[in-house]
Amino acid sequence: MTIARFIVRAAVTAMAGVVIGHGVLYGAHRPSLSPMQSPVLTAAAVAQWVQQGARGTVINAHGPMVTYHTRQVTLVALASPVAIHRVGLFWEIDGLINPTIRVPLGATVHVVVINADRTHYHGFSVTAVRDARRNPRDVPMNPDAFIGMVAPITPVGDQWAETTFHATRAGTFHYVCWLPGHAARGMIGTWEVTT
C-alpha cells in the first residue's frame, strides 16, 4: 500500500468512527494516556511504561516468549531502541528481542509502541498473513490491532502511540512494523491467542 492509499484508508476509517490522534488509529474510544499525558516520553516515563507492561507476565528468555495470564494485558513494545546498541530493525519487549507473545482468548490488549529509533518511523499491526515479512498489512487480526506511523526520537524524548483491542480469535498471528520493508528487516514476531 502506498502512503497515499494509507492516508485515504486512514481518512475513511476516521469517517467510520475511529478517532485519530498522536499518530495512532484508536478503537471506538480513546484509551487513557496515563501515566503519561504527553506524546513525547522522557526516559523515566519509558521505564514506568515498561514496568507496567511487565505486570502479570511470565518472561522466558530462552524462548524467547512473553506469556500474559491476565484478561487485562499491557504490552509495551520499543521499536529499535538505540540504547541496546544492536544493528537493524527489531522489537524489544520485556527485555527480549522479537519474543513470541501469548495472550489469553478474550483478553483486552493495550499496546503501547515507543519509537526509540533515531532515524525511522515505525508502526504496529497484528496480522493474520501467513508470510508477514512480504505484506504484513493486508489481513489484520483485528482492525484495532493497528498503530499508524510513530515518529523517531526527538531531542526532548521518545514519540509513542497506543491502541486497545480484544483478542477475539484464537490462533497464531504475527506482530510487525507494517511500514514497507521493516518486517522483512527484522521487525516481526509471533503473536499467539490461546484458549
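Looking only at segment 56-79, count every residue that is part of a loop (DSSP other than H, G, I, E, B), at pLDDT below 90 and within 19 Å of Val113 (Cβ to Cβ) and tell me the total.
Qualifying residue count for the region: 0.
Applying the selection to segment 165-186, what residues are among the β-branched types (Val, Ile, Thr) and crowded, with 20+ Cβ neighbours inside 10 Å? Even if it seems obvious, please write down each step before you answer.
Keep residues of segment 165-186 that are among the β-branched types (Val, Ile, Thr), which gives 168, 172, 176.
Across segment 165-186, the qualifying residue is only Val176.
Select from segment 91-121 the residues that are assigned to a loop (DSSP other than H, G, I, E, B), modelled with pLDDT of 95 or more and surrounded by 21 or more Cβ atoms within 10 Å (Cβ to Cβ) and list them in ascending order.
Selection gives Pro99 alone.
Residues that are modelled with pLDDT of 90 or more and closer than 18 Å to Leu75 by Cβ: find the strands (runs of 3 or more DSSP E) completely inside segment 125-195 holding 2 or more of those.
Numbers: elements: 146-150, 158-166, 171-176, 188-194.
Per the criteria, 158-166, 171-176, 188-194.
Of all residues in segment 87-119, how many are under 14 Å from Gly189 (Cα atoms), out of contact with any Phe, Trp or Tyr (no Cβ under 7 Å at 6 or more places or on another chain) and charged (D, E, K, R)?
Residues in segment 87-119 being under 14 Å from Gly189 (Cα atoms), out of contact with any Phe, Trp or Tyr (no Cβ under 7 Å at 6 or more places or on another chain) and charged (D, E, K, R): 2 in total.
Output the residue which, of all residues in segment 89-110 that are in contact with a helix residue (DSSP H, G or I) (Cβ under 9 Å, 6 or more places away or on another chain) and among the β-branched types (Val, Ile, Thr), is farthest from Ala43 (Cα to Cα).
Restricting to residues being in contact with a helix residue (DSSP H, G or I) (Cβ under 9 Å, 6 or more places away or on another chain) and among the β-branched types (Val, Ile, Thr), the top hit is Ile97.
With the requirement that a residue be more than 14 Å from Ile101 (Cβ to Cβ), surrounded by fewer than 13 Cβ atoms within 10 Å (Cβ to Cβ) and among the aliphatic types (A, V, I, L, M), what does segment 44-60 give you? Give the steps one after another, and end with the answer.
Taking segment 44-60 as the starting set, the residues that turn out to be more than 14 Å from Ile101 (Cβ to Cβ) are 44-52, 55.
Remaining after also requiring surrounded by fewer than 13 Cβ atoms within 10 Å (Cβ to Cβ): 44, 47, 51, 55.
If the condition is that a residue be more than 14 Å from Ile101 (Cβ to Cβ), surrounded by fewer than 13 Cβ atoms within 10 Å (Cβ to Cβ) and among the aliphatic types (A, V, I, L, M), then Ala44, Ala47 are the ones that fit.
The values are calculated or read from the model by the stated rules, or taken from the named source; none is laboratory data. If you're wondering where the values come from, they're calculated on a predicted model, not measured in any experiment. Positions of Cβ are generated from backbone atoms using ideal geometry, with glycine treated the same way; all protein chains shown enter the neighbour counts.
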